[in-house]
Structures are given as C-alpha cells and as structure tokens.
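Q: Structure provided below as structure tokens; questions to follow.
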Amino acid sequence: MIKINYEKAFINKDEIYAHKDEVLEAEKKLHEKTGEGSDFLGWVDLKLDEEELTRVKNAALKIREISDVLVVIGIGGSYLGARAVIDALSHNFKPKNVIFAGNNLSSDYLNDLLEYIDDKRVCLNVISKSGTTIEPAISFKILREYMEKKYGEDGARERIFVTTDAKKGVLKEIANNKGYETFVVPDDIGGRYSVFTPVGLLPIAAAGLDIDKLLQGVFDAKENFKGFNENNPCYEYAAARTILYRQGKKIELLANYEPKLHYITEWWKQLFGESEGKDGKGLFPAGVDYTTDLHSMGQYVQEGERHLFETVLNVKEPYRNIFFECAENSMDKLEYLNGKNMNEANHSAMEGTIIAHTNGNVPNIILEIEKIDEYHIGELLYFFEKACGISGYMLGVNPFNQPGVEAYKKEMFRLLGKA
Ligand code: PA5
C-alpha cells in the first residue's frame, strides 16, 4: 500500500488530524453524492459491466492479432489515463504497439503519424465522451478515410472501435451508421476520472497489459482509502496539500525519479488542474522528472520564489538494477561507487534532493510506492482520484466540472466560422 510522509512538509500529525471533520464532510459528499457535481461520482465506487469488460478483452485480443499498431484517438480525459498507464508499464525504448492521435491540431503530427503507419497493419480506437471534441473529430475523419481507402468499408469496420456515450453524440451516430463496435463511457464518470472504464481499459489491454491486475489495485484502493485514520494515506495527502495551500503555497510540483512516470504526472496535472482550478482558486499542478530536471528546474526549486511545494513519488524497487564495480584509481574516478548500485544512486539523489529542497524551505510530501506494476499503478491512480475529490470539496469548488475549458473553444469556433 502507498505510504505517506509529510514530516518533510513541516506538517505534524496533529495538524493533519485537526482537519478530520472537514475531510469527513468531503468524504460524505463523495460517498453519499450530496456535493456539487454529484452526477459524476460513478468512479468512487467503481462498478464494471462484466459483459462489457469481456468485450473489451476480446477486442484487445483481436486488435493484437490483426494489427501492428493501434491508433488511439482522444484528448484530455479520453487520452491521458491510457497513455499514463501504458508508458508507466512499458519498456522505455521498445516501440509500442499503441500510439496516440487527436490530442493536438498539428498537421505535422498527423502527417508523420500517417507516414509511420503506412506500412503497418492498423486498428483505430476513437474515444470521446461528448463525441464532438474538435481535435479527435478531425483526426478521426482523416484516419477513418485512410482506413477505408486501405481496407475498404468492410475491412475498416473490422478495425475501428468507438468509445463514446451510450446514446448520443456525433460519434455515436457515425458508429451506428457504419456498424463499428462501440464501448460506453458511463454517464456518471467524467473524462479525467474515466481511466478504469473502457476509455482506458481497451487501449491498456491492447498494449498487452493485465487489466485484471490493474483493476484489482483499484478495487483494493477503493476499500482501503476510506475513513480518516493512519491507514489512509489518501486522505492525509488531501489534508496535507490543503494545509500547504492555506499556508500560501500556490504550486504543487509532482516529482518522479523514473522516466516512465512522466505521463502519470501529465495525467495528474489534468486531474488536479481541471478539478480544482476554478473560482479564482486552486494549487497550480506542475511536474518535474528528476534527476533530469534537477539540471534545469532544480535551480528554481532550490532558490526561486517560495510559493511551491513538492510531492515526491518514491518508487522503492526498480525491476532491474545495475551493480557497480569501480576499481581504485580507474579513469572514471568513481571509486566511491564501488559495491553500490544504480538504484542506490537514484535513491541517494532523491534523499539528497529532499534534504536540500527542504533546507531551501520547499515543503516535501513523500509518497512511497512499492513498485511499478499493474496493481500498484491502479492503486496509485485511484489514490489520486479520491484525494482530488476530497481536496476539491475542501477547497470549496465543484471538482467534477470544467466550465473554463469552453472559453477557448468558443473563440476558436468563432474564428473557424462555425455557426
Ligand atoms: O476531463 C474532462 O472531462 C475533459 O478533459 C475531457 O476528457 C476532454 O475535454 C475530452 O472530452 P471528450 O471525451 O468529450 O472528447
């Protein structure tokens, strides 16, 4: 189970537990659906339709059999969860069989993608809850036409999978019209909380990952992260970040020491940014990949404006270690590393950075994760979802809407001449 340490955030247990009533009030809103946004709480006590889960697994097997590459088209909550899990659980360098489109409006990106897939066997999974989001809509149109040209209407039908609303939206209409296999984004689960629905599960399973283990991590987390007590790091995290916000901190930096976790941070940024950044309030969620960013952002964190705190993801064990043999007087001048290993070096960098940054007055919350596998990633993502719901309600906002996202769309559509 995830462990939390907030000593280095200069917070003691009494301060955390002084927020008990407030946390429990937020929990009540989540569990009893009495707060704002209560129509979007299906993820809290996640229940999956067994028949649909079986269809997801079968579709994933078929995709793996008939294609070299699955192009997943979607943006925001219809993109980041799958990307985060797949990246976290895949080889750092081996090419992945799942690639992503529809998360930008760059013609260079889409042209490069079309070129990349041209000599490959391809399947598409287009994902959009509303079915009207412009970025995936454009990419889907171009890629669907490409697929029909490459495989014919019937062949394309075999290879295109649609994840959208059960009944409404343009995408649903296209799927009905063309006869594509569809999966449902449940009505009561918003985009950024949807990774454990077919939105995330189909691409994740198609990447060859074990979604049963992922879901086991989620279901255990669902049971474990309830009630305000020392065995619930999730609510302690929500309370700790709220305390730091109320002390005047403006930015939460999520720091990892594993390059594979980069997209977990991107997913986390969306989760907290869209959930809390409203009504002129909210911590700004930002991310750093250490040790890489210690050589860029490290200077700012150490000595820049003191308006931030760090939440450090400490992964206990890597899958594969590297052991050092460094002879005396060798030209590498690394004798001090003799008998040590790479993981020790990474952890020393982490511990040293925590000491240096806290000495520089940057509070550090530390989250310890056993290892990076399906089970623990499922647990971690649910941990963040629930902590976000709790701290969003503590902040006094509706954590489940995103009215601000509409503003740019309005201006863009005006410029594009959409009626
Ligand atoms: O969290 C959210 O609700 C958003 O980020 C959406 O997921 C994103 O805007 C994509 O929306 P849709 O799935 O309707 O295309």
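Coordinate-derived values only; no laboratory data. Here the structure is a predicted model, which is why all the values come from computation and not from measurement. Cβ placement follows ideal geometry from the backbone for every residue including glycine, while neighbour counts extend to all protein chains displayed.
Q: Taking region 304-375, which GluC sites (Glu not before Pro) meet the DSSP loop condition and have no more than 10 other C-beta atoms within 10 Å?
A: 305, 325, 328
Q: Same structure again: Show the residues, 5+ positions off or on another chain, whose built amide H is closer than 5 Å to the amide H of residue 284.
A: 251, 252
Q: Quick one: 24, 283, fewest Cβ neighbours within 10 Å first, how do they rank?
A: Ascending Cβ contact count within 10 Å gives the list 24, 283.
Q: Could you go through region 355-361 in sequence order and give the Karplus-derived ³J(HN,Hα) for each residue, using 6.51 cos²θ - 1.76 cosθ + 1.60 with θ = phi - 60°, rounded to whole Hz, and x for Gly and Pro?
A: Each residue's phi maps through the Karplus curve to give 4, 4, 5, 5, 4, x, 6 Hz.
Q: Which GluC sites (Glu not before Pro) in region 192-284 sit in a loop by DSSP (not H, G, I, E or B) and have at most 15 other Cβ atoms within 10 Å of their own Cβ?
A: 230
Q: Put +1 on the Cβ of every Lys and Arg and -1 on every Asp and Glu Cβ in region 120-255; which of 133, 156, 209 then has its Cα farthest towards the positive end of the dipole?
A: Looking along the dipole axis, the top candidate is 133.
Q: Taking θ = phi - 60°, what integer Hz values does the Karplus form 6.51 cos²θ - 1.76 cosθ + 1.60 yield along region 328-341, in sequence order, with x for Gly and Pro?
A: 4, 6, 6, 6, 5, 6, 10, 3, 4, 8, 4, x, 8, 9
Q: Which lysines, on any chain, are close to residue 269 with Cα under 17 Å apart, when same-chain ones fewer than 8 places away are left out?
A: Cross-link targets: 249, 250, 260, 278, 281, 386.
Q: Right, next: For the chain, what is the relative contact order in percent, using Cα pairs closer than 8 Å and at least 6 residues apart in sequence?
A: It rounds to 24 percent for the chain.
Q: Quote the FRET efficiency, to the nearest 0.05, computed for residue 300 versus residue 229 with a Förster distance R0 of 30 Å and r equal to the Cβ-Cβ distance.
A: 0.25
Q: Relative to the longest principal axis of the chain, what angle (0 to 90°, nearest 10) does the C-alpha long axis of helix 233-246 take?
A: Value to nearest ten degrees: 80.
Q: Moving to a separate point now. Can you tell me the alpha carbon radius of gyration of region 192-343 divided by the globular rule-of-thumb value 2.2 N^0.38 Å?
A: Taking the Cα Rg and dividing by 2.2 N^0.38 Å, one obtains 1.32.
Q: Moving on. Using only DSSP helix segments of four residues or longer, with each worth -39500 (n - 2.57), what per-residue ellipticity at 222 nm results for the chain after dividing by its residue count and rounding to 500?
A: Calculated from helices alone, the mean residue ellipticity at 222 nm is -15500 deg cm²/dmol.
Q: Provide, in order from the shortest bin, the percent of all Cα-Cα pairs of the chain in each 20 Å bin, continuing until the bin that contains the maximum pair distance.
A: Per 20 Å bin, starting at 0, the Cα pair percentages come out as 25, 54, 20, 1.
Q: Any chance you could run the full-extension gain for residue 408 through residue 219? It's 0.36 nm times the residue separation minus the Cα-Cα distance, nm to one decimal.
A: 64.4 nm
Q: How high is the relative contact order of region 50-209? Use alpha-carbon pairs under 8 Å, at least six apart in sequence, and give a whole percent.
A: With pairs under 8 Å counted, the relative contact order is 34 percent.
Q: While we're looking at this one, here's another question. What's the percent breakdown of Cα-Cα distances in region 71-201 across 10 Å bins, shortest bin first?
A: Reading the bins upward from 0: 13, 45, 35, 7, 0.
Q: What are the residues whose amide H is under 5 Å from the amide H of residue 101, where those residues sit 5 or more places off or on another chain and H is modelled from the backbone?
A: The answer is 72, 73, 74.
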